[in-house]
Amino acid sequence: MMLFMKATVALILSLFFLIGGMACAQNVSYYGRDSGVNPAAFTLVMYSPSNETAYSGTMQLKFNITWTTFPRILGPEESLDGVYAYRIDDNPPVNIAPNQTASDRVYATPTSNFTINPSFSYLVNIANLTNGYHEIVITASLYVHGDSLYFSESTLPIVFSVQNPTPASEALSPSTLVAVVSLASVAILGMLIYFKRHKH
């Protein structure tokens, strides 16, 4: 009876922490093909960006992926590799590597270890993006034996807002500066002549 009560408490605490972690996430989504030639699937938990925040200068890109279906029987010379990228709007994709954490779970392949639950946390430069709404898409791919594509799936677009500060006035060019100084000199000279003539 005591063992059953301990197991129940442990289960309740696990659910509490799981739900608490999910509550902080903006987006929890499932992607994949569970049937066909190359069955594979993953769950993505997106923490940042959030569509409730306006970002300026840099934006934290933070998300977790958990592979729920992936090849588990590989030949003696085969490895399983995850390749990950993000793309903002129509810009080229940018490859990113997972951040290694103490909570990594791996599946041992014949020639390497495959991380089942990679996590990502990067600062992305968005200073060159126009103000307004933009979209970011995450792509997760599996390669067998290094170069043979097994599975690739892109997430639905995640919308975020950019609010970069309005750039300060452009610095005056040398030619503009000369023109301003000349104009000011003429104005001062004109005022001196005017006051001289009307002094009496």
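Here are the numbers for the structure shown:
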read-out	value
Criterion violated by GLU52 - all others in (1) closer than 24 Å to VAL124 by Cα; (2) surrounded by 14 or more Cβ atoms within 10 Å (Cβ to Cβ); (3) charged (D, E, K, R) satisfied	(2)
Test for ASN99: is it under 22 Å from the mean Cα position of the chain (by Cα) and not acidic (Asp, Glu)	yes
Hits in the range 65-124 - residues which are touching a residue at least 60 places away in the same chain (Cβ under 8 Å), among the aliphatic types (A, V, I, L, M) and loosely packed, with under 14 Cβ neighbours inside 10 Å	LEU123
Tally, over the range 95-123, of residues that are under 18 Å from THR43 (Cα atoms) and not in a loop (DSSP other than H, G, I, E, B)	9
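Only the coordinates and a few stated rules stand behind these numbers; no lab work does. Owing to the predicted nature of the structure, the values given are computational and were not obtained by experimental measurement. Neighbour counts run over all protein chains shown; Cβ positions are idealised from the backbone, glycine included.
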